[in-house]
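Structure first, commentary second.
The values are calculated or read from the model by the stated rules, or taken from the named source; none is laboratory data. Here the structure is a predicted model, which means the values were calculated and not measured. Cβ atoms come from the backbone with ideal geometry, glycine included; neighbour counts cover every protein chain shown.
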């Protein structure tokens, strides 16, 4: 990752496994979270990374502290403090004063501004609905089904209001990052597809705010792929990059009718490169990069592509 010389590195969750020792899940505490963050801090590879590249981060379930956990997690504020302390969030930061760890920043000069939006899909998340796993019931790879209750939230109203404000901030390219997949919605695993009303709300909000040149980013699934959903004035692409330390070919074999590139089941990291000189507008190159620097998948996306049909 350092050799690729990125301008920014995004941690999209599971930077540590604070609730899992490789074989069993366990109850976390302030002490165990501090211990696990300390393990990462001591890694020489991590030290070299944070000295070389600016970092932004959000969390997923394992660094949050509960497998597939959400708003019910009793130590979520303890975990939040440990998370923000670890990534050096200033004491006066708005992230310290509100619920969750969502964040946004704009980089670059006018005409080439890139907004990075990090969502929090844990702190406010309502309960799942379990899928019917009985013999002959069929179903998906995971254990969850779409929740039909439209009052159950994923982001929470506070974060939705903030997101609408962010989507109105001037920027030429927007990267919206979620710890879990947004477009791919049929695995029944930990994903936005379990909250279809929230997934549609995100698509509708991007459209209603007039936010242009949006790329979705995600992780979580232990393989990498590029997906496309035809929504609004132009398609929405999602680049999923996972995982840095281990992968799962069975997960990659799950149905994804939106897939346009991949899957990649080798250990990899995602690299997004912007070509500002491309016509008719900025072109993004999405790459899953292997540990030897090889490009395992590469997709070019023109963000000014017109609506299909």
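Scanning the stretch 268-309 for residues being at pLDDT 95 or above, assigned to a loop (DSSP other than H, G, I, E, B) and touching a strand residue (DSSP E or B) at 6+ places or on another chain (Cβ under 7 Å) gives a total of 0.
Would it be correct to say that residue 67 is under 18 Å from residue 190 (Cα atoms), touching a strand residue (DSSP E or B) at 6+ places or on another chain (Cβ under 9 Å) and assigned to a helix (DSSP H, G or I)? Even if it seems obvious, please write down each step before you answer.
Working: under 18 Å from residue 190 (Cα atoms): yes; touching a strand residue (DSSP E or B) at 6+ places or on another chain (Cβ under 9 Å): yes; assigned to a helix (DSSP H, G or I): no.
Against the criterion (under 18 Å from residue 190 (Cα atoms), touching a strand residue (DSSP E or B) at 6+ places or on another chain (Cβ under 9 Å) and assigned to a helix (DSSP H, G or I)), residue 67 does not qualify.
Residues that are assigned to a helix (DSSP H, G or I), over 20 Å from the mean Cα position of the chain (by Cα) and touching a residue at least 24 places away in the same chain (Cβ under 8 Å) occur at least once in the stretch 51-60. Looking across 8, 40, one residue alone is within 19 Å of residue 246 (Cα to Cα) and either surrounded by fewer than 18 Cβ atoms within 10 Å (Cβ to Cβ) or in contact with a strand residue (DSSP E or B) (Cβ under 7 Å, 6 or more places away or on another chain) (or both). It is 40. For the stretch 131-146, indicate whether the set of residues that are closer than 27 Å to residue 234 by Cβ and either in contact (Cβ under 8 Å) with a residue 40 or more places away in the chain or within 19 Å of the chain's Cα centre (by Cα) (or both) is non-empty. Yes: the stretch 131-146 contains one or more residues that are closer than 27 Å to residue 234 by Cβ and either in contact (Cβ under 8 Å) with a residue 40 or more places away in the chain or within 19 Å of the chain's Cα centre (by Cα) (or both). Could you look through the stretch 16-50, keep only residues that are in a loop (DSSP other than H, G, I, E, B) and in contact (Cβ under 8 Å) with a residue 24 or more places away in the chain, and pick out the one that is nearest to residue 271 (Cα to Cα)? So the residue we want is 16.
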